[in-house]
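Enquirer: Below you'll find the structure I mean.
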Amino acid sequence: MSSTAIQVNSKRGIWGGGNEPLKASYGKLMMWFFLLSDIFTFGAFLITYGAIRMSYPAYEGAAADFVSSNEYWPIPERIFDAFPFFHGAHLPLVFVGLMTFILIMSSVTMVLAVEAGHRNDKNDVVKWLLWTLLGGITFLSCQAWEWTHFIHGTDDGTMLTYINSFNNIVTETVYGANLVVNEYGPPAFAQLFFFITGFHGFHVTIGVVLLFLAFYQAAVGIYQQRGHYEMVEKIGLYWHFVDLVWVFVFTFFYLI
Amino acid sequence: MALDNKKEMEVIPKDAAKIRKIWLTALILLVVTAIEFVFAFTMPRGILLYVIFILLTIVKAYYIMMEFMHLGEEAKPLFYSIIVPLIFLVWLIIALMKEGADIFLMRW
């Protein structure tokens with residue numbers, strides 16, 4: 001039966017075990033594939049946003065004269081213009097700019113933690129992980145404030161005619177936003193806002209939990225005992241991914 | 001028992017050039033975001049502005065994936081198995097935005 005034998009190239013030695021496919025460790029490889037599948041999930045959200053947005057009429061006219069209506073898609077810079085402690089001031093996109101800054105800076109401190117892990121520098125890893133953790137919690141707090149403001153709405157609200165959840169056509173002043181109606185634009189606008197930023201915020205929350213885990217384990221010396229800081233690297237990949245998604249959410253939701 | 005015999009790992013000294021590169025990347029990301037803000041308030045809304053925004057976003061995504069996630073240092077098959085699906089994703093975004101625009105024409 002020698003004719004059916006399979007020739008194995010002894011140089012590769014893949015049957016002996018102990019080798020790493022794609023020259024990446026198991027954990028990092030699986031993290032990359034998880035991130036790829038997560039990219040598809042977020043991609044689906046953003047594709048949905050693009051398709052629904054293009055299927056609604058755009059606002060025609062100068063941005064300064066913009067008035068909210070459920071007849072056309074709103075201009076983001078006229079909607080997201082609130083800032084904590086500056087009630088009633090028109091500060092377009094300032095708060096979301098601050099949130100972007102916080103998230104990018106937390107990504108920078110994360111990459112510094114990964115770099116310190118390569119150098120086996122426990123003190124630096126702990127220090128930079130703590131900064132990253134702070135950045136993540138600050139970002140989440142900002143998002144909580146933004147959601148609260150979005151849900152409660154402006155002082156004046158908007159007069160809208162719409163079909164309510166009891167299937168009646170009503171005309172009334174609407175304040176804030178929910179999944180049925182919102183004062184900013186068509187119902188789909190608030191629905192997409194809640195789903196896209198909510199799903200991203202959920203990822204940030206998981207990231208903060210993972211960062212705390214890494215921070216704790218690094219601080220008590222578990223990674224030093226283990227002999228490497230690969231866990232910091234894997235959580236770092238996840239955290240950069242969260243930042244990457246925010247870059248796209250920022251462009252598609254707040255700029256376009 | 002395990003935690004008693006603490007292994008002392010040798011701390012490798014900092015490489016200043018590497019750390020400078022990380023901060024430089026951060027600066028690039030912040031400057032590109034600032035440019036997006038300037039465009040958002042100075043340019044009329046339209047397809048040209050959207051193309052500029054998407055291109056600048058891809059620039060930022062490049063720096064995050066290459067400098068922060070070190071994707072460029074991974075093995076080539078892994079690199080392409082991440083990047084190639086993303087190219088299809090970009091196509092799907094464009095295709096479905098066109099589809100949305102056609103739905104708009106049918107509806108109004």
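The values are calculated or read from the model by the stated rules, or taken from the named source; none is laboratory data. The model shown is predicted, which means the values in this text are computed figures rather than measured ones. No Cβ is skipped: glycine too gets one built from the backbone with ideal geometry, and neighbour counts run over all protein chains shown. Accessible surface areas use protein heavy atoms only, side chains included; no ligands, DNA or RNA. Shrake-Rupley method; radii C 1.70, N 1.55, O 1.52, S 1.80 Å.
Enquirer: Just name the residue that is nearest to the other protein chains (Cβ to nearest Cβ) out of those in the range B:28-55 that are over 27 Å from residue B:87 (Cα atoms) and either in a helix (DSSP H, G or I) or among the acidic types (Asp, Glu) (or both).
Expert: Taking the range B:28-55 as the starting set, the residues that turn out to be over 27 Å from residue B:87 (Cα atoms) are B:38, B:41-44.
Restricting the remaining residues to those that are either in a helix (DSSP H, G or I) or among the acidic types (Asp, Glu) (or both) gives B:38, B:41-42.
Working: B:38: 12, B:41: 7, B:42: 11 Å.
Taking the candidates together, the pick is B:41.
Enquirer: Mind listing whichever residues of the range A:208-227 are in contact (Cβ under 8 Å) with a residue 24 or more places away in the chain and within 14 Å of another protein chain (Cβ to nearest Cβ)? Can you show your working first?
Expert: Narrowing the range A:208-227 to residues in contact (Cβ under 8 Å) with a residue 24 or more places away in the chain: A:208, A:210-212, A:214-215, A:218-219, A:221, A:223-224.
Answer for the range A:208-227, where residues must be in contact (Cβ under 8 Å) with a residue 24 or more places away in the chain and within 14 Å of another protein chain (Cβ to nearest Cβ): A:218, A:219, A:221, A:223, A:224.
Enquirer: Here is a check on your reading of the model: is residue A:53 more than 9 Å from chain B (Cβ to nearest Cβ) and either farther than 23 Å from residue B:96 by Cβ or part of a helix (DSSP H, G or I) (or both)?
Expert: no
Enquirer: Against the definition (more than 9 Å from chain B (Cβ to nearest Cβ), within 19 Å of residue B:19 (Cα to Cα), open to solvent by less than 30 Å² (accessible area, probe 1.4 Å) and in a helix (DSSP H, G or I)), how does residue A:135 come out, yes or no? Outline the logic, then answer.
Expert: On the way: more than 9 Å from chain B (Cβ to nearest Cβ): yes; within 19 Å of residue B:19 (Cα to Cα): no; open to solvent by less than 30 Å² (accessible area, probe 1.4 Å): yes; in a helix (DSSP H, G or I): yes.
When the stated conditions are applied, residue A:135 does not pass them.
Enquirer: Which one of these is within 8 Å of chain A (Cβ to nearest Cβ) and open to solvent by 80 Å² or more (accessible area, probe 1.4 Å): B:73, B:67, B:99?
Expert: On the way: B:73 fails: within 8 Å of chain A (Cβ to nearest Cβ); B:67 fails: open to solvent by 80 Å² or more (accessible area, probe 1.4 Å).
Testing whether each residue is within 8 Å of chain A (Cβ to nearest Cβ) and open to solvent by 80 Å² or more (accessible area, probe 1.4 Å) leaves just B:99.
Yes/no per residue for (1) of a type outside the set (A, V, I, L, M, F, W, C); (2) at pLDDT below 85; (3) within 30 Å of residue B:23 (Cα to Cα):
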| residue | (1), (2), (3) |
| --- | --- |
| A:41 | yes, no, no |
| A:46 | no, no, yes |
| A:60 | yes, yes, no |
| A:66 | no, yes, no |
| A:70 | yes, yes, no |
| A:92 | yes, yes, yes |
| A:96 | no, no, yes |
| A:101 | no, no, yes |
| A:108 | no, no, yes |
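Enquirer: Of all residues in the range A:20-54, which are open to solvent by 30 Å² or more (accessible area, probe 1.4 Å) and closer than 14 Å to residue A:245 by Cβ? Quick ask: steps written out before the conclusion?
Expert: The initial filter retains those residues of the range A:20-54 that are open to solvent by 30 Å² or more (accessible area, probe 1.4 Å), namely A:20-23, A:26, A:28, A:30-31, A:33-34, A:37, A:40-41, A:44-45, A:48, A:52-54.
Within the range A:20-54, A:34, A:37, A:40, A:41, A:44, A:45 qualify.
Enquirer: What single numbered condition from (1) of a type in the set (Gly, Ala, Ser); (2) surrounded by 13 or more Cβ atoms within 10 Å (Cβ to Cβ); (3) on the phi < 0 side of the Ramachandran plot fails to hold for residue A:176?
Expert: With (1) of a type in the set (Gly, Ala, Ser); (2) surrounded by 13 or more Cβ atoms within 10 Å (Cβ to Cβ); (3) on the phi < 0 side of the Ramachandran plot applied to residue A:176, the lone miss is (3).
Enquirer: Additional query: Exactly one of (1) more than 7 Å from chain A (Cβ to nearest Cβ); (2) at pLDDT below 90 is unmet by residue B:108. Its number?
Expert: With respect to (1) more than 7 Å from chain A (Cβ to nearest Cβ); (2) at pLDDT below 90, residue B:108 is out only on (1).
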